[in-house]
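First up is the structure itself, then whatever we jot down about it.
The values are calculated or read from the model by the stated rules, or taken from the named source; none is laboratory data. Note that the coordinates shown come from a computational prediction; the quantities given were computed from them, not determined experimentally. Reconstructed Cβ throughout: ideal geometry from the backbone, glycine too, with neighbour counts over all protein chains shown.
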């Protein structure tokens with residue numbers, strides 16, 4: 001991919017270029033990196049199931065944790081264009097299995113819904129399964145039309161949303 005990008009850009013500008021690709025969490029980028037565990041490298045199987053609480057699994061152990069993934073993609077309900085996001089989940093309750101959470105998030109890839117509705121759906125599904133003492137979910141969608149869209153849903157009476165992420 002890197003070589004294809006480099007070649008395409010060089011052909012367009014008519015000159016040799018240097019190309020550096022940075023990971024989403026690179027500190028050189030301007031923005032924050034969420035606290036918690038990134039679940040993107042987990043090995044999971046994926047099918048074509050739509051997002052739903054049935055994809056999530058939880059154990060009986062009570063935990064307080066923060067996890068995130070850069071692999072959320074949903075489709076705009078108006079244009080059908082893909083929207084990419086980092087999603088951050090922090091909760092205290094029955095432990096979600098990280099593999100099921102990642103599978104659940106990836107299930108949004110063919111799902112058409114506005115950003116805020118996606119976060120609300122996640123909040124309701126996770127809340128239904130784990131009945132947490134507290135739960136907050138924030139998605140950091142990449143810009144489209146120059147706008148950051150960072151829907152946030154929390155059960156905390158005085159929530160503090162995170163600031164924008166690197167990839168925005």
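Filtering region 15-36 for residues that are exposed (fewer than 13 other Cβ atoms within 10 Å of the Cβ), farther than 17 Å from residue 113 by Cβ and at pLDDT 95 or above leaves an empty set.
Taking the listed residues 94, 90, the one that is modelled with pLDDT of 95 or more, crowded, with 20+ Cβ neighbours inside 10 Å and within 18 Å of residue 57 (Cα to Cα) is 90, with no other qualifying. The sole residue among 69, 74 that is touching a residue at least 24 places away in the same chain (Cβ under 8 Å), within 13 Å of the chain's Cα centre (by Cα) and within 19 Å of residue 154 (Cα to Cα) is 69.
Consider region 53-62 and keep the residues that are farther than 16 Å from residue 137 by Cβ and in contact (Cβ under 8 Å) with a residue 24 or more places away in the chain. The one that is surrounded by the most Cβ atoms within 10 Å (Cβ to Cβ) is 57. For region 103-134, enumerate the residues that are in a loop (DSSP other than H, G, I, E, B), free of Cβ contacts under 8 Å to residues at least 40 places away in the same chain and within 18 Å of residue 65 (Cα to Cα). Listed by number, the list holds a single entry, 131.
Give the residue that is nearest to residue 99 (Cα to Cα), with candidates limited to residues of region 29-42 that are free of Cβ contacts under 8 Å to residues at least 40 places away in the same chain and not in a strand (DSSP E or B). Selected residue: 41.
Out of contact with any helix residue (DSSP H, G or I) (no Cβ under 6 Å at 6 or more places or on another chain), closer than 21 Å to residue 41 by Cβ and touching a residue at least 12 places away in the same chain (Cβ under 8 Å): is that true of residue 88 in this structure? Here the answer is yes, as residue 88 does meet what is asked.
In region 4-28, the residues that are closer than 24 Å to residue 38 by Cβ reach residues that are in a helix (DSSP H, G or I) and modelled with pLDDT under 90 with C-beta atoms within less than 7 angstrom, at least six apart or across chains, in these pairs: 21/2.
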